[in-house]
């Protein structure tokens, strides 16, 4: 995929800057379940999603996970190259939720471009601000929104992404996305089922009343 599709400032870059980006870009394919970026001291680089679906998440020392945001076609992951940005102190992991093709620009090369190009630096700052906004929105949801509303919103989001009312997803995976134990998810889904909002079967959740779920999520 043409790099210009990912960089709205492409036409403002010099020929030399465009050449460096194109020459350094490496395409890779990751199967569903693969880990692209494990956090810690790893600095994978700037990841551009050509196709597929990635999950950016963080994990506690006890192994409790929570999804920070999803990356779909044409999205860019900046935190996989966090080593090049001073002041980012939290660990982000990145995994493939579907078979995915990505383009990776090495962190050291992008960092040099960012240091020498006001255009790239400005674009990167906007991208970082957008991702931090996603993270802060999540923090607000966890702190101030009840779990039933968060679960309803998550199910609707999943339905929209998959373009289906039937979601092939386990209670444990839902818990990992939302940062809650599987048992809590199971109890709330059973309540939703009793209220006629969803139907449950092994490994699937079917949204039977999306309108009521939407009302619950937005109430």
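None of the figures in this text is laboratory data; all of them are computed from the coordinates on show. Everything numeric in this text was worked out from a predicted model, so none of it was measured. For neighbour counting, all protein chains shown are included, and Cβ atoms are generated from backbone atoms with ideal geometry for every residue, glycine included.
Report note on the peptides 9-17, 111-119: ranked by the mean count of other C-beta atoms within 10 Å, highest first, their order is 111-119, 9-17.
Only helices enter the 222 nm calculation for the chain: every DSSP H run of n ≥ 4 contributes -39,500 (n - 2.57), and dividing by all residues gives -13500 deg cm²/dmol, rounded to 500.
Sort 149-159, 23-33, 122-132 for me by packing, meaning the mean count of neighbouring Cβ atoms within 10 Å per residue, highest on top.
Working: 149-159: 19.7, 23-33: 12.8, 122-132: 14.9.
Top to bottom by mean Cβ count within 10 Å: 149-159, 122-132, 23-33.
Normalised by the number of residues in region 17-143, the mean separation of alpha-carbon contacts (under 8 Å, six or more apart) gives a relative contact order of 35 percent.
Axis of helix 118-144 versus longest Cα principal axis of the chain: the two differ by about 20°, to the nearest ten degrees.
Enter the angle in degrees (range 0 to 90, nearest 10) between the Cα long axis of helix 182-194 and the first principal axis of the Cα atoms of the chain, meaning the one along which they spread out most. Around 50 degrees separate the two axes. For the chain, the longest principal axis of the alpha carbon atoms and the long axis of helix 107-116 meet at an angle near 60°.
Go ahead and run the numbers for FRET between residue 163 and residue 91, Cβ-Cβ distance against an R0 of 30 Å, rounding to 0.05.
Working: r = 32 Å, r/R0 = 1.07.
According to the calculation, E is roughly 0.40.
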